[in-house]
Amino acid sequence: MTTEAPVASGRIVLLTASHRVAPGLLSWPAWQTLHAADRVLCADEGHPQLPYLREAGVDVEIAAPTAQELVDACAGGRTVVVVPSGEGDRALTDGLAGLAGSGRVQMPDLELLPGSYDLPGARLIDLVQVMDRIRLECPWSSQQTHKGLAKYGIEEAYELVEAIEDGDRDELREELGDVLLQVVFHACIAEEDQDEPFSIDDVAGTIVEKLIHRHPHVFGDESAETPEDVKEHWLRTKAIEKQRDSVTDGVPLGQPGLALAAKLASRVRTAGLTVPLPAGEGIGYELLALAARAEEAGTDPEAALRAAARAYRDAIRAAEGHAG
């Protein structure tokens, strides 16, 4: 009695690629699989990978086979690679799962092959894309300006500080996202400017250049052994960059009063100037003196007052009979 050799059922490879990585940047196993495949299928004729695959000599067929058709295409031991769309081909994968679970079909080997992986920070690309769409399609967001959004930047910064003070990790992550949104939103608006447009990439590029320039002990030949050495490098390079006429240049006068007083005192101290505090009567001058004294002692007076105020808030709630 002769036993027939089993028919090879072939292989289906679902090749995924991150839309956050530039098209054409695929892993070596992905390229090997693509070139060795009997057929390469893609349902999306506008898929961003297609021009690069064809340039590399990969023959891609525009086709959207059913699960059964795909299984049949693997008959005889053939390998078929499917390049899913950006949203994935849910109907196809569900159909393959259904056939495999039925037990009535000899299934080809199924393989999920990642062609590229997200790099750290890749989700920032999603944020930019989402913000671009919101700016275009949302009636409220499409009308916003830098000036109109300014107040939200201040609010989000204070909410971030509160999350830090509360020590709530979930809240901290959310508030950091809200602050990041403000940056991306402003950059989105800036890109539309007719005279001096700039993009989020320009924003990132500017801060990258600044960080590298102000950290010669990391990216250059200088050395820094202590935090004080780092601060000295920072202040020196910053002074060269800004070429300011006064140590008060660049100090935002709109910040909270205690923080403003401490910042001015810090500028005076680090510049080696001797500037007596202005004489005057009233709580304002007393607070100015306290802020200067705190800064000299290495204490942030704004943070110290906020901590005391929070303790006062808790005492008030306790007096009211509230728990916690």
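The values are calculated or read from the model by the stated rules, or taken from the named source; none is laboratory data. Keep in mind the model is a prediction, meaning the values are calculated, not measured. All Cβ positions, glycine included, derive from the backbone under ideal geometry; neighbour counts span all protein chains shown. All accessible areas refer to the heavy atoms of the entire protein, side chains included, with ligands and DNA or RNA removed. Shrake-Rupley method; radii C 1.70, N 1.55, O 1.52, S 1.80 Å.
One table, with the values for the structure above:
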| read-out | value |
| --- | --- |
| Some residue of region 309-324 being under 39 Å from the mean Cα position of the chain (by Cα), outside any helix (DSSP H, G or I), at pLDDT below 90 and under 26 Å from Ile164 (Cβ atoms) | yes |
| Cβ-Cβ under 7 Å pairs, at least 6 apart or on other chains, region 174-199 side closer than 27 Å to Glu162 by Cβ, far side outside any helix (DSSP H, G or I) | Ala187/Ser199; Ile189/Gln144; Ile189/Thr145 |
| Every pair of residues 6+ apart whose Cβ atoms lie under 9 Å, when the first sits in region 245-259 and is over 20 Å from Glu155 (Cα atoms) while the second is part of a loop (DSSP other than H, G, I, E, B) | Val247/Ala271; Val247/Leu273; Gly250/Arg244 |
| Test for Val184: is it more than 20 Å from Glu137 (Cβ to Cβ) and open to solvent by less than 90 Å² (accessible area, probe 1.4 Å) | no |
| Subset of region 148-161 [farther than 12 Å from Leu181 by Cα and either among the aromatic types (Phe, Trp, Tyr) or without any contact (Cβ under 8 Å) to a residue 12 or more places away in the chain (or both)] | Gly148, Ala150, Lys151, Ile154, Glu155, Tyr158 |
| Test for Val105: is it at pLDDT below 90 and touching a helix residue (DSSP H, G or I) at 6+ places or on another chain (Cβ under 6 Å) | yes |
| Among the candidates Leu160, Leu176, residue that is open to solvent by less than 40 Å² (accessible area, probe 1.4 Å) and assigned to a helix (DSSP H, G or I) | Leu160 |
| Test for Ala262: is it within 25 Å of Tyr158 (Cβ to Cβ) and surrounded by 12 or more Cβ atoms within 10 Å (Cβ to Cβ) | yes |
| Scope region 269-308; condition under 19 Å from Gln255 (Cα atoms), more than 41 Å from the chain's Cα centre (by Cα) and open to solvent by 60 Å² or more (accessible area, probe 1.4 Å); matching residues | Ile283, Tyr285, Glu286 |
